[in-house]
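Let me begin by presenting the structure, written as structure tokens, before commenting on it.
The values are calculated or read from the model by the stated rules, or taken from the named source; none is laboratory data. Nothing here was measured: the structure is a model prediction, and the numbers come from that model. Don't worry about glycine lacking a Cβ; one is built from the backbone with ideal geometry, like all the others, and counts go over all protein chains shown. The area values use the complete protein model at the heavy-atom level, side chains included, leaving out ligands, DNA and RNA. Shrake-Rupley method; radii C 1.70, N 1.55, O 1.52, S 1.80 Å.
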Amino acid sequence: MVPTVPSPRRPLDSGHPSDSRHPSHASRAVRHWYENELGWPTVPGTPVDLPTGLRFDVLDAPVEAGYAALRHLRPGSPVAVRADRMRILVAAGSADELPGLLDWLEWGALALDLRTIGEGGHIEAPLPPGTPAPGTLARGTPRLTGTPVPAPADMSVKTSMNTAVDDSQGAAVWLRPPEPGCEVEPSLPTLSALGGGVGGAPDLVRLVDTMATECHRIRLRRSCAQPLALS
């Protein structure tokens, strides 16, 4: 009798995030939310990234500077946090306007920790609202909703938020998530909205000026905290 040799088995889908050939269920769920619920394009591969310069650009700054600027945003204006950085979505094309805007506001001569991501760039897709971040189930990840979050006066609140994101192994999360079924563009800060603008969109000038001021204050505090060099 000829022994029966079993057919080779297909490799199991490990779901490892770095293997773009076998995206995990979590990655597929994240991509589905962005593409089907929001109608946003995503970058092929894993982890899921969002292209910038199409529907929005991104202002990236320390969380402290970002919290100070939240009062200039409309309730539906999306904001994300990743580790100790805050990412505020602004109108597409704003990244190109930032250098000239900083010069006009007389911030151009200073090295500020304020970055932009525009056309041709991408950011990590923040976890959809209600999605548990990896490694935080035991501690309880904050449930993020569309409710505007005021800038905390207590630094311990900011530290708590940073700790939660750090515990999630650096995963980006929404502080103010976009709302499914709503176009994001009307809520984004734009340079053309100076003084109120069409449709009530917040203007980019006040937002950038506030963030630049806070970035400068952070820079001064760090400089003062450094030990004096021995003569």
Pair list, Cβ under 8 Å, 6 or more apart: region 115-131 residue modelled with pLDDT under 95, other residue in a loop (DSSP other than H, G, I, E, B) and open to solvent by 40 Å² or more (accessible area, probe 1.4 Å): Pro129/Arg143; Pro129/Thr145; Gly130/Arg143
Scope region 89-128; condition assigned to a helix (DSSP H, G or I), open to solvent by less than 80 Å² (accessible area, probe 1.4 Å) and of a type in the set (A, V, I, L, M, F, W, C); matching residues: Ala95, Leu98, Leu101, Leu102
Near pairs, Cβ below 8 angstrom, 6+ apart or cross-chain, from region 44-62 (touching a residue at least 60 places away in the same chain (Cβ under 8 Å)) to any residue that is of a type in the set (S, T, N, Q) and in a loop (DSSP other than H, G, I, E, B): Val48/Thr42; Asp49/Thr42; Leu50/Thr42; Pro51/Thr42; Val58/Thr52
Complete set of residues in region 74-85 that are open to solvent by 10 Å² or more (accessible area, probe 1.4 Å), touching a helix residue (DSSP H, G or I) at 6+ places or on another chain (Cβ under 7 Å) and not basic (Lys, Arg): Gly76, Ala83, Asp84
